[in-house]
Each structure stands twice: as C-alpha cells, then as structure tokens.
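In what follows, a single structure is set out as structure tokens and then discussed.
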Amino acid sequence: MATGPAAGQQPEVLVIGGGPAGLVAALYLARFRRRVLLVEDGHSRAARIPRSHNYPGFPDGVAGTELLSAMRSQAARYGVHFATGRVESVSVEPESFKVEWNGSSVSPRKLVLATGVSDVAPAMPHLAQALQEGALRYCPVCDGFEVIGQAVGLLVDDGSDTQEALYLRHFTERVTLFPVSRGVHFSESQRRELDEAGVSRVAEPVESLRLWEGRVTVRHGGEETVVDSLYGGLGLKVHSELGRHLGAQHDEHGYLLTDRHQETTVKGLYAAGDVVKALNQISVAVGQAAVAASAIHMALLQGR
Ligand SMILES: Cc1cc2nc3c(=O)[nH]c(=O)nc-3n(C[C@H](O)[C@H](O)[C@H](O)COP(=O)(O)OP(=O)(O)OC[C@H]3O[C@@H](n4cnc5c(N)ncnc54)[C@H](O)[C@@H]3O)c2cc1C
C-alpha cells in the first residue's frame, strides 16, 4: 500500500477542502501514488445533510456525516495526510504555488480547490434542529421527492426569481412564497406565471420563523401560516476567493470556470465540486474530483 508524504516532505498536490470533492480528489491522487495533503476548516456543506436519498449505493439513504467519515477513512487508508485550518493566502511561484494557513506553509506543484459554497441561512432559532428534522431545506434537486404533496414554503428575497417556486410546484400543489423584506417584487409576467401554476404568494414580509413539532410556523403581517417544510431560497455564497485571488476566471456569481479536465484558467490550479459552475450535487462533485485528480496525475507524469 502507498504511503503519504514523510514529515517535512513537500506534497506534490495540495487539496483545499474536506467535503466530497476534496476527499475524492485526495483518494484518487494517493492511489496514483502522489504525495497529497488535504487541508480543510471543517465546514463541509455535506455535513448538514440529515439523510441523502439520491447518492448512489445507499438504498436507505445516508447521513452526510456518515458519508464524509467513510470517504475520509478511505482516503486515509491510502496515505492522504490531513491538516486542519483555514487557508488565507495563496500565491503563484515559478514551478509551484505557495499556500499558507495557521503558520504552516507548503509549495505544491498542483492545487485542487474544493472549497464549496454555503447557503444563506434565514433568521430562525433552532436552525440546526430544523435542518435535521427536514422542516428547513435548501436543495429541491436533492429532496424535492421528500416533500411530494406537502405544504411547502419558499423564502424569497429581492434577488429571487420564480424558477425555484415552479420547480417545487412539480412536487406539490401546495407551494407558498414568503418574502423576507418589502423589497421583493415580481414582474407582471412572473406573477401571472406563478398564478397559473397555482403558487400562493403572501403579501407581507416574514416577521418570524418558528420550529414547532417538525413543522415551521411563518408569521407575516400579523397572521401565521404553518408549512411542513420551508425552503430557504436566499442564495449561496461561493467560496472561490482563493481562486479569484490567483486570477482564475469565474461567472457573475463567483463560480469558477474550468476546462474539461477541471483545470481553471490558472495553470496547475484545478477546481471540483460546488465551487465550480455545475449542478451542486455530491455525485457531480466526486465525478469532477476524479477527473481533476486523473488530469493532475497525467500532467505530473508528463512533467507539465
Ligand atoms: C441541507 C442540505 C442537503 C443536501 N442534500 C443533498 C443530497 O441529498 N444529495 C446531494 O447530492 N447533495 C446534497 N446537498 C449538496 C451537497 O452537500 C454538496 O453538493 C456537497 O457537499 C459539495 O461538496 P464539496 O466538496 O464541493 O463542498 P463541501 O462539502 O461544502 O466542502 C467544502 C470544504 O471546503 C472547506 N473550505 C472552504 N474554504 C476553505 C478555506 N479557505 N480553507 C480551508 N478549507 C476550506 C470546508 O471546510 C469544507 O471542508 C445538500 C446540501 C444541503 C445544505
């Protein structure tokens, strides 16, 4: 079995991020007998998944923490080294990158950014419990199936469009939009589209959200509406700042753009998972990670 880098040896590849994308990139690289170090600050989005039912291989579903722990022990088995910390600084050197965190510094030949995104959370007490109970959700692609026929709410802000509401409407006839501020306005044609689809709209902004017996009570304009599940459609923060600092191209939301080998527009800088413009899903993240790791291995073999 291959082993990881000895203490003091420079990693050939540094993976930043310990979610599904980072762990799978590191696993592949270690099995390609590359010296690989993975650094992360312990905030994988996957750790918030109460139970995923669309990740293949788990007919009864799998908790996000359980999946991460299995992926991590698989990577460790092949010699991946792990470090904990938030990477604050990256720079390009003639033949490598320089990466620093918590007083540590390494100079890998290749870098994989698997830093993900995070959901903008609504102001709500007992948020973690609400997520765990499926009363609060963020990802209709992931769990629309779980809310079939239920009373579903969707929080909207001034940046929201109608797409997510119409997407949810496919799973249930009982969808209600709750604006979080007075600044939320839909155009005439958007309102018509929502009306025709049978999506309800509440006029007054949300005053408070409360978790009660696995459901959410939404208070608005002095009234209360109870929903079985509330989706927080308040957007995402894309953690691409390290790549953008190096000059990697990105779209208007901050998602990194890559070629078909997952290499960004900066040579030697690869990206995989939610931080890349694609479907924010674990299957996609691990697929991109496999592609990135294979391309890195080939580039190193060929002395590129
Ligand atoms: C409630 C919920 C339910 C979901 N359900 C599903 C589902 O059922 N099926 C599905 O396919 N997907 C689901 N998802 C989406 C899934 O979680 C993501 O697609 C997946 O986690 C993406 O993996 P990733 O490795 O790209 O990013 P992440 O898992 O978010 O990992 C990012 C990593 O980068 C680290 N990091 C970020 N910045 C730095 C830095 N500067 N320095 C060091 N480390 C850093 C973080 O600590 C973390 O380790 C769900 C998401 C949520 C929130």
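Read-outs: derived from the displayed coordinates by stated rules, not from any lab. A quick note: this is a predicted structure, and the numbers were derived from the prediction, not measured. Don't worry about glycine lacking a Cβ; one is built from the backbone with ideal geometry, like all the others, and counts go over all protein chains shown.
A few points about this structure:
- Residues whose amide H lies under 5 Å from that of H239, counting only those 5 or more places away or on a different chain, are V117, S118; hydrogens are built 1.01 Å from N in the peptide plane.
- Relative to the compact-globule estimate of 2.2 N^0.38 Å, the Cα radius of gyration of the range 11-126 comes out at 1.16.
- Start at zero, step by 10 Å, and the Cα-Cα distances of the range 126-280 spread as 10, 33, 29, 19, 8, 0 percent across the bins.
- Taking Cα atoms only, the orientation of helix 282-301 departs from the longest principal axis of the chain by about 20 degrees.
- Net charge, L194 excluded, C-beta distance under 10 Å - Lys, Arg +1, Asp, Glu -1: +1
- Here the chain carries DSSP beta bridges of which approximately 45% are antiparallel, counting only pairs with both residues inside.
- Ratio of the Cα radius of gyration of the range 83-122 to 2.2 N^0.38 Å, where N counts its residues: 1.43
- With the biggest extent put first, the Cα atoms of the range 95-181 measure 57, 28, 27 Å across the principal axes.
- Across the range 140-247, Cα pairs under 8 Å and at least six residues apart give a relative contact order of 29 percent.
- Cα-based Rg / Dmax (Å) for the range 132-208: 12.1, 37
- Rg(Cα) / (2.2 N^0.38 Å) computed for the chain, rounded to two decimals: 1.11
- For the range 57-113, convex hull volume per residue from C-alpha positions, Å³: 120
- Distribution of pairwise C-alpha distances over the range 213-304, 5 Å bins, in %: 3, 12, 18, 17, 13, 8, 7, 7, 7, 5, 2, 1, 1, 0
- From largest to smallest, the equivalent ellipsoid semi-axes obtained for the range 242-295 from the alpha-carbon gyration tensor read 17, 14, 7 Å.
- Leading residue at positive end of dipole, the chain (Cβ point charges), from L269, S208, Y255: L269
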